[in-house]
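Remarks on the structure that follows.
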Amino acid sequence: MKKTILNVRPILGATALAGGICMALAGAVSARNITLATILNQNDVSVQAMEEWNRLLTDRTGGDLTINILSGGTLGGTRELIQQLSSGEIDVNLSSPVVLQFAAPEYQCLEAEYIYESEDQGFAVWRGPIGKEASDAMKANYGIEISGVGRRGSRNVTANVPVNEPGDMQGLKMRVTNDLRAKVFGAYGAQPAPLALSELYGALRQGVFDAQENPLSTIYSNRFHEVQDYVSMTEHVWTYNIVYTNSAFYEGLDDEQKAAFDETLQQAMDWLYDAVAAEDAEVRAKIEEAGTTKIIEPDKAAFRAAARPILEEYAQANCRAGLLADVDATTAVPASN
């Protein structure tokens, strides 16, 4: 029996309006118009991939299937969107593995620090039996499944001191985004604490925080390189774009529509793979050209070794038994198109 995702806080007025929008879409638009919602901004390369998907799917089906993309959190935050996806108010959601924290918590370790040896191993996990397990768990509990896995890139550390090895983080006040991350960076000697992304630039500039971690694109778009002297390419998390779909919606498509949906989505994921690589290269070049921040290649093996005991303890307490061993046993397969 499908469960209800708990702890969704309604936003008075905004939520009512969002519900009205969804109901209007459901009533006024035919089933062939797919509603896709995401918190990501329209300018994000991941949303651009969804626009590419819409173009491919529209062309493939002669306009029989089209996608209405609602970006920038128009209908709410991640938790609200997953609730709407589960209830069928929207058909598709573009998000990250963070969804697993409340839709399939026994698989939340799949976005943990240094759980993967490489980006390609992560792709092999997400696109293989383990990813299907996570998808099946969400489908059984919430009527949601994973339809596609795309590139997002790695998270890296910025700091006002060079970070080449874990000991270099000793005493640094560092902004982090979840409890596991806090434990990992605490083991490195940092003093982790949460802070809203919108407040982080000012906190770094004023010295309230000494360090933070994010993908290169986020570092550049939020101008953190202007107030941090170093970017350390720790690659402590390989993260991915996940396309989540309402199972009842998907099962309502005929075989030809399903084939068009699946094949054009994979084409869009191939497009995204190249687009993320190009964006990261461009952002890195811009950071280096700015001349305010030095990019360094740290001793990733040392960071990985220090994080492993924390990851093992966390996985044992919070994740499916044997999940870490199964990830370790997964062979990396090149995921490029």
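The values are calculated or read from the model by the stated rules, or taken from the named source; none is laboratory data. All values reported here derive from a predicted model rather than from experimental measurement. Note that we place each Cβ from the backbone using ideal geometry, even for glycine, and neighbour counts take in every protein chain shown. Surface accessibility is based on the protein's heavy atoms, side chains included, excluding ligands, DNA and RNA. Shrake-Rupley method; radii C 1.70, N 1.55, O 1.52, S 1.80 Å.
Overview of results
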| item | result |
| --- | --- |
| Breaking point among (1) open to solvent by less than 40 Å² (accessible area, probe 1.4 Å); (2) within 23 Å of E279 (Cβ to Cβ); (3) touching a helix residue (DSSP H, G or I) at 6+ places or on another chain (Cβ under 7 Å); (4) not basic (K, R), for L75 | (2) |
| Any pair with Cβ under 6 angstrom, 6 or more apart, that starts in segment 317-333 at a residue that is within 12 Å of V125 (Cα to Cα) and ends at one that is loosely packed, with under 15 Cβ neighbours inside 10 Å | A332/S118 |
| Residues that are of a type in the set (S, T, N, Q), touching a helix residue (DSSP H, G or I) at 6+ places or on another chain (Cβ under 7 Å) and in contact (Cβ under 8 Å) with a residue 40 or more places away in the chain, drawn from segment 215-235 | S217, Q228, T234 |
| Residues located in segment 43-69, provided they are in contact with a strand residue (DSSP E or B) (Cβ under 6 Å, 6 or more places away or on another chain), more than 22 Å from E256 (Cα to Cα) and open to solvent by 30 Å² or more (accessible area, probe 1.4 Å) | I69 |
| In segment 164-219, the residues that are part of a helix (DSSP H, G or I), surrounded by fewer than 21 Cβ atoms within 10 Å (Cβ to Cβ) and among the hydrophobic types (A, V, I, L, M, F, W, C) | A182, A187, L197, L200, A203 |
| Test: A259 is over 21 Å from T38 (Cβ atoms), within 21 Å of the chain's Cα centre (by Cα) and either at pLDDT 95 or above or open to solvent by 10 Å² or more (accessible area, probe 1.4 Å) (or both) | no |
| Residue in segment 143-151 that is at pLDDT 95 or above, crowded, with 19+ Cβ neighbours inside 10 Å and among the basic types (K, R) present | yes |
| Test set (1) part of a strand (DSSP E or B); (2) surrounded by 21 or more Cβ atoms within 10 Å (Cβ to Cβ); (3) aliphatic (A, V, I, L, M) - M233 fails condition number | (2) |
| Long-range neighbours under 8 Å by Cβ, at least six apart or interchain, first residue touching a residue at least 12 places away in the same chain (Cβ under 8 Å) and polar (S, T, N, Q) within segment 138-151, second crowded, with 20+ Cβ neighbours inside 10 Å and in a strand (DSSP E or B) | S147/V92; S147/V243; S147/Y244; S147/T245 |
| Any chance V231 is touching a His at 6+ places or on another chain (Cβ under 7 Å) and at pLDDT 95 or above | yes |
| Condition met for Q121 (modelled with pLDDT of 95 or more, within 18 Å of R308 (Cα to Cα) and of a type in the set (S, T, N, Q)) | yes |
| Odd one out for S87 among (1) open to solvent by less than 50 Å² (accessible area, probe 1.4 Å); (2) of a type in the set (G, A, S); (3) without any contact (Cβ under 8 Å) to a residue 12 or more places away in the chain | (1) |
| Residue, modelled with the lowest pLDDT, within segment 268-300, restricted to residues that are outside any helix (DSSP H, G or I) and at negative phi | T292 |
| Residue match in segment 130-143 (condition: within 22 Å of T245 (Cα to Cα), in a loop (DSSP other than H, G, I, E, B) and touching a Lys or Arg at 6+ places or on another chain (Cβ under 7 Å)) | yes |
| Exclusive hit being modelled with pLDDT of 95 or more, basic (K, R) and not in a helix (DSSP H, G or I), set R320, R304 | R320 |
| Check on A268, within 26 Å of Y244 (Cα to Cα) and under 20 Å from the mean Cα position of the chain (by Cα) | yes |
| Per-region count, segment 241-256, residues touching a Lys or Arg at 6+ places or on another chain (Cβ under 8 Å) and either surrounded by fewer than 23 Cβ atoms within 10 Å (Cβ to Cβ) or closer than 30 Å to V161 by Cβ (or both) | 2 |
